[in-house]
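Peer 1: Pasting in a structure now, in C-alpha cells, and then I'll have a few things to ask.
The values are calculated or read from the model by the stated rules, or taken from the named source; none is laboratory data. This is a predicted model, so every value here is computed, not measured. Neighbour counts run over all protein chains shown; Cβ positions are idealised from the backbone, glycine included. The accessibility values were calculated without ligands, DNA or RNA, using every heavy atom of the protein model including side chains. Shrake-Rupley method; radii C 1.70, N 1.55, O 1.52, S 1.80 Å.
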Amino acid sequence: MNENNNDWCIEEERLKETLKEASLQLDDAINANEKNREMIKEAKKEIRENTSHGIGNLWGSDGFEALVELSQAMAPVTERTALYEFTEAKITKLRGILDTPYFARIDFCFSEGEHTEAIYIGHHSLKKENAYKLLIHDWRSPVASVFYRFAPGAAWYDAPVGRIEGQLLLKRQFEIKDGHLDFFFDADLQVFDDFLKKLLSGNTSPKMKTIVESIQRDQDLVIRDMKNDLLIVQGVAGSGKTSIALHRAAYLMYQGLADRLLGREIIIVSPHKLFEQYIANVIPELGEENVRTVIFDEILKDLIERKFETKNIFLERVLSNGPQSRLKNDSMTFKGSADFIKILDRFIDDIPQRFMNIRDITFKGETIFTRDEIISRLGTNPNTPLKTKLGYLEEAINEKVYGKWRRPLRSSVRNEMMRFAEIDALHLYQQLFEQDGYFFKKAAGIKLPATIDKMLAVTKRNLAHKNLNYDDAVALGYLSLRLFGAKEYASIKQVIIDEGQDYYPLHYEILNRLFLKSKLTILADINQTLDKNEDFSFYEAVEKRLNRKKNALVTMNKSYRCTSEILRFSKQFIDDAIPVESFNRSGEEPVLFGFADVESLVEKLCEAINQCVQAGYQSIGLILKTQKNTMVLYEALKQKITVNLIRHDTVAELEGVSIMPVYLSKGLEFDAVFICDVSQANYRSEADQRLLYISCTRALHRLFLLWEGQPSPLLNV
C-alpha cells in the first residue's frame, strides 16, 4: 500500500473534486426530475380536462379527429416521460459515483507530443458540466483497456481514429467506499495478485457481482472482441466465463455510436431459471438496461406450443441410474446428433410429395397448377419455411386467377388449396416413425445405434399418447422451425450462450436458424458436461454448424474461484487434456466423511454447517446427484436447520443454506459446498466423475464430501 504523503494528499484532493462535481450534478438532476414530474402531472390533468368529452366517442363519426387530438395531446407527455426516465438513470449512476467514483488510475504518455494524462477509471464516466474534461472514464472506454492489458512500459489502445501508442507510466488501484479513500497502491503484477487474492477471499453473495476492478488481460480481450462473428470461450471452472459474458453484453451496449446495441437486441441463453435470477443484477449494475435471458426450454415452447418433458426432468431421469436412464441418454445422443439432422432433413424434403395430399388446383375447369408444379415449387429454397412457400403459392394462384388485380381467393379455389396447406408438425413427426420401414429408408447410409429398435418403439408409443420426451421436443422444435419459421427473435444481433457444452448439434442447428444473422458468443467447458462426453472436436463441429465468416476459439485455463487445495482435489475427476491452473489462493483441504447410517450423516452435516455459519460463510450449498436424493436429505434436515429447497421448477435466493441437485448448481458458487451422497451406489462411472468435478468446483473456501455406506470408488479412499 502506498504511504507517500504527497501522493495521498493529491489523491484525496482529486477525490474531493470528483465528488463535488458528482454531487452538484446529482442535485441538478433531482431538481430537474421534480420539475419533469410536475409537468407530467399537469399535462395529464390538461388531457383529462380538455379531451375527456371526446374519449367516449372515439369510434363515432368524429372519432378520427378525436384520436388525432388525443395523440397530439399525449406527445408532450411521452417526451417528458422519456426525459424523466433518462434523468432517473442518470441519478442512479451519480449516486453510484458518490459511493465509489473510480477504482483505478493510469498515467499515459502519448507518443505524439509526449503529453501525459492522468486517467481515472470507474464504472461510469463523469464529465465536468460545460467542459470537455472527463473526470472519470468508463471502464469500457478504449483507453481503459490499457489498465487491463499492460504493465508499466510501452502500451497502446485502439480508438475510433486508429491505434494510439504511448507509455504507461503509472498503474494505480484504489479502494474507495462511501466516498472515502481507504487505500491505494501502485500495481505491479505481484501487488495486483495480492489485491485480487484479497477480493477472492471474501464471501460470495446471493447475486453475481460485477468484476470491473479485477478483469484480467485474457478476460478483457474476450469482452472487447469486435472482430469475430463467432467467439467461443473454452474456460475451466471458475475462470469467470459467465462474468465475461455479462460484461461483454454491457460493452456491446456501450461501444461506438454505429455499433452500439440496445438491450433488446442482445439475448443470453442460460442453463436454467435459477441461474437467470443469479445473474440478473450484473448488467443493471454496469449502468445498462437489462438484456433478455431465455432458457432453451422457452425457445422450444415458442416453437412447438405443446407441453413437453423439460431439460431438468430429462436430466433427473438420466442421472437417476434407473433401468431406463441409459436408453433415454442414448436416445438424446442420437436424436441430438448430426446424423439425425440428416434424417430429419430427408424427411422434410419428402413432406410435400408424400404427406400433404397435394392435387391439381383448378378454376372454372382450367388447371392453374398441377400437382407436380406445386411439389416442385415447395421443394425450392430449402432454408425458407414451408408455410412461407405456401404463402407464395397462394399469391401465385391469386395472380393467375385475377391477374394484377389481386383480390382474396374465391372459396372454391381456397378450399382446394386448404386440403394440403394446413400442416401439423406433431402429426408429421409421428409419420417418420409410424410407417413400417420408412425411418430406416430415410436413415440409409447412416450408422444407427445398437439400441435403435428399442428407441423407435418407445418413441412410437410416446407419440401415440402425445407424450413428448425432451429429445423428441428438440426434434419437433427443429421440424416446426423448418415448417413455420420464427419471427420472434428477428431483431436479435448478438447471442450469448452459456454452458454451451451441454447442447447437441440439433440444438445448435435450431439456434443457427433462429439467429441466422446474429453474432454469437459461446461460453463452455468440455469438462463440465452433464449427460455426454466431449473433447476439443466439439468446438470444430460447432464452428462448422454455425458457419460464420470470422471465428475464434479462446481458451482460459486459470481458475479464480476455488482455493488451490479444492482445485487440486477436483482435478482428480477429469483428465489432463485441458490443463487447469490455480490462481494459487490457499485454504483448507477438502474434508471427507463416511457414515454407517443416514442419521449419523445428518448429525455430522448439521454440526459442520453450523461451524461454517459461525465462520461467517453467507452461502452454503448442499449438492446431491438428483432431485430425488435432494428430497430425501431435505426431509431429514428441515426440522433441524433452516434450508432452502431448490427444485427444478422453483427460483429462490441463494442465501444461507441451499440444497439442490447437481444440474441446478451449474454456473453457481458458494462459500462452502457439501456433496452429500458420494456413495458407491451414486457415483461410479466416467460420467459421474464429471458430476463430482462440477459439484466440487462450486466451492470458494470449503469443501466437504459425505456418504452413507460404501464410498464411491472414484474417491480413492
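Peer 1: Kindly establish whether PHE573 is of a type in the set (A, V, I, L, M, F, W, C) and surrounded by fewer than 20 Cβ atoms within 10 Å (Cβ to Cβ). Walk me through it before giving the result.
Peer 2: Details: of a type in the set (A, V, I, L, M, F, W, C): yes; surrounded by fewer than 20 Cβ atoms within 10 Å (Cβ to Cβ): no.
When the stated conditions are applied, PHE573 does not pass them.
Peer 1: Kindly indicate whether SER695 is open to solvent by less than 10 Å² (accessible area, probe 1.4 Å) and assigned to a helix (DSSP H, G or I).
Peer 2: The answer is yes for SER695.
Peer 1: Restricting the search to segment 36-50, which residues are modelled with pLDDT of 80 or more and of a type in the set (A, V, I, L, M, F, W, C)?
Peer 2: Across segment 36-50, the qualifying residues are MET39, ILE40.
Peer 1: Those residues that are among the charged types (D, E, K, R) and in contact (Cβ under 8 Å) with a residue 60 or more places away in the chain, I need them from segment 625-648; list them, please.
Peer 2: First pass over segment 625-648, keeping only residues among the charged types (D, E, K, R): 625, 628, 635, 638, 640, 647.
Correct list: LYS625, LYS628.
Peer 1: Continuing with this model, one more query. Just checking, does segment 426-441 include any residue being at pLDDT 95 or above, open to solvent by less than 60 Å² (accessible area, probe 1.4 Å), out of contact with any Gly (no Cβ under 7 Å at 6 or more places or on another chain) and among the small types (Gly, Ala, Ser)?
Peer 2: No: zero hits.
Peer 1: Please specify each residue of segment 287-326 satisfying the condition of being among the aliphatic types (A, V, I, L, M) and touching a strand residue (DSSP E or B) at 6+ places or on another chain (Cβ under 7 Å). Spell out the reasoning first.
Peer 2: Our first condition is that a residue be among the aliphatic types (A, V, I, L, M); within segment 287-326, this holds for 291, 294-295, 299-300, 303-304, 313, 315, 318-319.
Correct list: VAL291, VAL294, ILE295.
Conditions tested, residue by residue: (1) in contact with a helix residue (DSSP H, G or I) (Cβ under 9 Å, 6 or more places away or on another chain); (2) hydroxyl-bearing (Ser, Thr, Tyr).
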site: ARG80; (1), (2): yes, no
site: GLU88; (1), (2): yes, no
site: SER145; (1), (2): yes, yes
site: ARG163; (1), (2): no, no
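Peer 1: Between a first residue in segment 337-356 that is within 14 Å of ALA443 (Cβ to Cβ) and at pLDDT 95 or above and a second residue that is small (Gly, Ala, Ser) and open to solvent by less than 40 Å² (accessible area, probe 1.4 Å), which pairs have beta carbons less than 9 Å apart while being 6 or more apart in sequence or on different chains?
Peer 2: Taking only residues 6 or more apart or on different chains, the pairs are ASP339/ALA443; PHE340/ALA443; PHE340/ALA475; LYS342/ALA443; ILE343/ALA443; LEU344/ALA475; ARG346/ALA443.
Peer 1: Of all residues in segment 455-469, count the ones that are closer than 18 Å to ILE343 by Cα and of a type outside the set (A, V, I, L, M).
Peer 2: 2
Peer 1: Confirm whether PRO152 is surrounded by 13 or more Cβ atoms within 10 Å (Cβ to Cβ), over 28 Å from ASP178 (Cβ atoms) and either under 28 Å from the mean Cα position of the chain (by Cα) or modelled with pLDDT of 95 or more (or both).
Peer 2: On the way: surrounded by 13 or more Cβ atoms within 10 Å (Cβ to Cβ): yes; over 28 Å from ASP178 (Cβ atoms): yes; either under 28 Å from the mean Cα position of the chain (by Cα) or modelled with pLDDT of 95 or more (or both): no.
When the stated conditions are applied, PRO152 does not pass them.
Peer 1: Could you list, ordered by first residue, the pairs with Cβ atoms under 6 Å in which the first is in segment 15-31 and assigned to a helix (DSSP H, G or I) and the second is open to solvent by 30 Å² or more (accessible area, probe 1.4 Å) and not polar (S, T, N, Q), at least 6 apart or interchain?
Peer 2: Listed pairs, sorted by first residue: GLU21/LYS128; ALA22/LEU98; ALA29/LYS90.
Peer 1: So if I check each of LYS241, LYS273, which one is closer than 30 Å to ASN682 by Cβ, modelled with pLDDT under 95, charged (D, E, K, R) and open to solvent by 30 Å² or more (accessible area, probe 1.4 Å)? Walk me through how you get there before you give the answer.
Peer 2: Numbers: LYS241 fails: open to solvent by 30 Å² or more (accessible area, probe 1.4 Å).
Checking each option against the conditions leaves just LYS273.
Peer 1: Another one. Output the residue which, of all residues in segment 96-132 that are in a loop (DSSP other than H, G, I, E, B) and polar (S, T, N, Q), is surrounded by the fewest Cβ atoms within 10 Å (Cβ to Cβ). Full working, then the answer.
Peer 2: To start, the set of residues in segment 96-132 that are in a loop (DSSP other than H, G, I, E, B) comprises 100-103, 111-115, 123-125, 128-132.
Imposing the further condition that a residue be polar (S, T, N, Q) reduces the set to 100, 111, 125, 130.
Working: THR100: 17, SER111: 12, SER125: 20, ASN130: 5.
Step by step, filter segment 96-132, then rank; the result is ASN130.
Peer 1: Considering only residues that are touching a Leu at 6+ places or on another chain (Cβ under 9 Å), open to solvent by 10 Å² or more (accessible area, probe 1.4 Å) and assigned to a helix (DSSP H, G or I), which ones fall in segment 449-470?
Peer 2: Answer for segment 449-470, where residues must be touching a Leu at 6+ places or on another chain (Cβ under 9 Å), open to solvent by 10 Å² or more (accessible area, probe 1.4 Å) and assigned to a helix (DSSP H, G or I): LYS454, VAL458, ASN462.
Peer 1: Same structure, new question: Residues that are surrounded by fewer than 18 Cβ atoms within 10 Å (Cβ to Cβ): list the strands (runs of 3 or more DSSP E) wholly contained in segment 473-558 that include at least 3 such residues.
Peer 2: Values: elements: 494-497, 519-524, 551-556.
Counting at least 3 such residues, we get 551-556.
Peer 1: Filter segment 297-321 for residues that are open to solvent by 50 Å² or more (accessible area, probe 1.4 Å) and part of a helix (DSSP H, G or I) and give the result.
Peer 2: Matches in segment 297-321: GLU298, LYS301, ASP302, ILE313, ARG317.
Peer 1: Here's another thing I want to ask about it. Please determine whether any residue of segment 655-662 is within 19 Å of LEU700 (Cβ to Cβ), touching a Pro at 6+ places or on another chain (Cβ under 6 Å) and not β-branched (Val, Ile, Thr).
Peer 2: Yes, segment 655-662 contains at least one residue that is within 19 Å of LEU700 (Cβ to Cβ), touching a Pro at 6+ places or on another chain (Cβ under 6 Å) and not β-branched (Val, Ile, Thr).
Peer 1: Condition test on LEU134, is it under 38 Å from the mean Cα position of the chain (by Cα) and at pLDDT 95 or above?
Peer 2: Numbers: under 38 Å from the mean Cα position of the chain (by Cα): yes; at pLDDT 95 or above: no.
Considered against the rule, which asks whether it is under 38 Å from the mean Cα position of the chain (by Cα) and at pLDDT 95 or above, LEU134 comes out as no.
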